[in-house]
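Encoded as structure tokens, the structure appears first; notes follow it.
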Amino acid sequence: MSNTRESRRSVRVPTDLSVRWVRRDGPRELRALDINRGGLFLRTDLPMRPNYVVQLVVSVASLEIPMLVVTRFVGQTKRGYGWGVEIFVIDDVHRAQWHDAYVRLLSEMRQASAARRMVAAGVSG
């Protein structure tokens, strides 16, 4: 059986985004600690169970991106307790915005990683 990292369809990008969980009794503020093309990890102490549909609004690159997600993982990780969620419903305009933000953050992560490798190797630019 393959592990989650091997079966993931896109690279996780570390980040720190504001996320609002939209609820009938009022919104709750969460933090996304990483994203990928199809989901995100939310750092929160709020209780949840797997396989619940949750309405979120993610703030990224001065945009507010609404989506419905499904909780796929709830529990403790190296980065704390939280939920791993998969995007379930998102309209085409917001999906394009999510994709563009993901690609931009992925590019920034790769550039920073390359710069660190150059510094470690003693290469000057």
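For the chain, the average shadow cast by the Cα convex hull is 9.7 nm², which is a quarter of the hull's surface. Each Lys and Arg Cβ is given +1 and each Asp and Glu Cβ -1; about its Cα centre, the chain then shows a dipole of about 420 debye. Helix 92-121 sits at what angle to the longest principal axis of the chain, using alpha carbons and giving 0 to 90 degrees rounded to 10? Between helix and principal axis, roughly 30 degrees.
Just report the Cα centroid separation between segment 11-41 and segment 95-115, whole Å. Measuring centre to centre over Cα atoms gives 16 Å. Distance between the pseudo-spin-label points of residue 23 and residue 119 (7 Å out from Cα toward the beta carbon): 4.0 nm. Which whole number of Å³ per residue matches the convex hull of the alpha-carbon atoms in segment 79-125? Spread over its residues, the Cα hull of segment 79-125 gives 92 Å³ apiece. Sorting the segments 31-39, 70-78 by their mean number of nearby beta carbons within 10 angstrom, highest to lowest, gives 31-39, 70-78.
Once both labels are positioned 7 Å from their Cα atoms along Cα-to-Cβ, the gap between residue 109 and residue 95 label points is 2.2 nm.
Every number here is computed from the coordinates shown, using simple stated rules; none is lab data. Predicted model only: the values in this text are computed from it and were never measured. Note that we place each Cβ from the backbone using ideal geometry, even for glycine, and neighbour counts take in every protein chain shown.
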